[in-house]
1. Is it the case that some residue within the stretch 111-124 is surrounded by 10 or more Cβ atoms within 10 Å (Cβ to Cβ) and at pLDDT below 85?
2. Would you be able to say whether some residue in the stretch 93-106 is over 30 Å from residue 29 (Cα atoms) and either under 21 Å from the mean Cα position of the chain (by Cα) or modelled with pLDDT of 95 or more (or both)?
3. Do we have residue 90 as within 30 Å of residue 33 (Cα to Cα), surrounded by 11 or more Cβ atoms within 10 Å (Cβ to Cβ) and at pLDDT below 90 here?
4. Residue pairs, Cβ under 7 Å, 6 or more apart or interchain, first in the stretch 38-56 and in the same structural domain as residue 21 (by TED's automatic domain parsing) and in contact (Cβ under 8 Å) with a residue 24 or more places away in the chain, second surrounded by 15 or more Cβ atoms within 10 Å (Cβ to Cβ) and outside any helix (DSSP H, G or I). List them.
5. Give, as residue ranges, the helices (runs of 4 or more DSSP H) completely inside the stretch 14-129 that count at least 2 residues that are touching a strand residue (DSSP E or B) at 6+ places or on another chain (Cβ under 9 Å).
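The values are calculated or read from the model by the stated rules, or taken from the named source; none is laboratory data. Here the structure is a predicted model, which means the values were calculated and not measured. For neighbour counting, all protein chains shown are included, and Cβ atoms are generated from backbone atoms with ideal geometry for every residue, glycine included.
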């Protein structure tokens, strides 16, 4: 039989507790920070992960995740409180923030986007299109017809035209004539 894993013990200084209570009760605090601050406060009060999960109506693994993360940062938080007390609130908030996520990989290269943007600056008639102006749907059709991309949605073209870069490979330079 495997032994039960103990929850990470959370011990808060008076100042940490004040900061977390302020976050948990703040009227302008984002909801995710309010919830995470409450998790840590309840953990410090001695509640189990299951109890906290029931109390907040969230998954036990969510409680476990934030309890572990705060526990791992405890030494650094204590050092910050001693050496740089004015930075303590910022440190506590940063521990309760989501990790950076890079998102989905780029779908189109900067070269493909540049070709579409270049085409959008030309008259549709130059490409055998009878319309008086480009629409994202027509640009997408022409991009596929000209072999710029195997597939392309009008929504992607619209993003390119608006200057959205969330579909662009970050390591390429975009030069539009």
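1. no
2. The answer is yes; a qualifying residue exists.
3. Against the criterion (within 30 Å of residue 33 (Cα to Cα), surrounded by 11 or more Cβ atoms within 10 Å (Cβ to Cβ) and at pLDDT below 90), residue 90 does not qualify.
4. Taking only residues 6 or more apart or on different chains, the pairs are 40/10; 43/10; 44/10; 44/12; 48/7; 49/7.
5. 110-121
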